[in-house]
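Report on the structure given below.
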């Protein structure tokens, strides 16, 4: 009897380890969509306690296409993307055990998707499928035009201050540039929004970060006379696509979402969503003509 109990337990655990099918999701009446916490303009909670953002709007369209309601799973960014995918999509949170059917805002990057684990040689993303690119993101630098009207070299930050979010690519690049020559003028912030406020208040001369975040937080569309924005950050990989992740065994759901994103692109709904948040919509590199 004890042996039979063990077999039954293993059977049910194996069932639970599988991704939910579209039929399972529709039977439950909701789809669990993971988005990053406090990450405007992609996903955040507004002053009325409502979920807002670009990823929220796209997630709503995915839920509508399945005739279910979206259930938002707000998650903090971990130490790396591998950990986020493991704890949110394919394995589940180690504390509250929640697992998302879909995760938004994942790098749709060939090199990242082909990275292997040094110890095993296995693909780091072998438990998930990353598809449906919906936007091309980029790193940029914004300056006060009166102080820095343009940027031709990073050497300008040997004399001017620049704010960055802690442990991001701009932080690592600018802090290490030219043997650390600029480090004294690189101001590092735990919260990007704090860096933006100091920049707006004139406490720092420039700020480096995601184009979408800077456009949204600085209301750049209405303030282009005050600010200069670069097209990239010279010296680093400045542009990449954003896609959507599901578990490797969620083939039907993956293909369905691919179709939804394709339709949203073709009928200009994606651009309209980005316009709603005053963010420039960049057609994904992978589907650009």
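Just so you know, all these numbers are worked out from the coordinates, no wet-lab data involved. These figures come from a predicted structure and were not determined experimentally.
Beta bridges from DSSP with both residues in the chain: antiparallel share about 60 percent, rounded to the nearest 5. Hull volume per residue, based on the alpha-carbon atoms of the range 183-244 and their convex hull, is 125 Å³. Using just its DSSP H runs of length 4 or more, each adding -39500 (n - 2.57), the chain gives a mean residue ellipticity at 222 nm of -9500 deg cm²/dmol after division by all residues. Computed from Cα positions, the angle between helix 251-266 and the longest principal axis of the chain comes to roughly 40 degrees.
I need the fraction of alpha carbon pairs in the range 138-229 separated by more than 16 Å, rounded to a whole percent.
47 percent
The alpha carbons of the chain occupy a box of 77, 45, 40 Å along the principal axes, longest dimension given first.
Centroid-to-centroid, using Cα positions, the range 153-192 and the range 22-80 are 33 Å apart. With angles folded into 0 to 90 degrees, how steeply does helix 169-180 sit against the dominant principal axis of the chain? Use alpha carbons for both and round to 10. So the helix axis and the longest Cα principal axis differ by about 50 degrees. If you model the range 183-289 as an ellipsoid using its alpha carbon gyration tensor, with each semi-axis the square root of five times an eigenvalue, the axes come out at 32, 17, 13 Å, biggest first. Both the radius of gyration and Dmax for the range 149-197 are 10.5, 29 Å, in that order, over alpha-carbon atoms. Over the range 234-289, what portion of Cα pair distances is larger than 18 Å, expressed as a whole percent? Of all Cα-Cα pairs in the range 234-289, 47 percent lie more than 18 Å apart.
Mean sequence separation of contacting Cα pairs (under 8 Å, at least six apart), scaled by the length of the chain, corresponds to a relative contact order of 23 percent.
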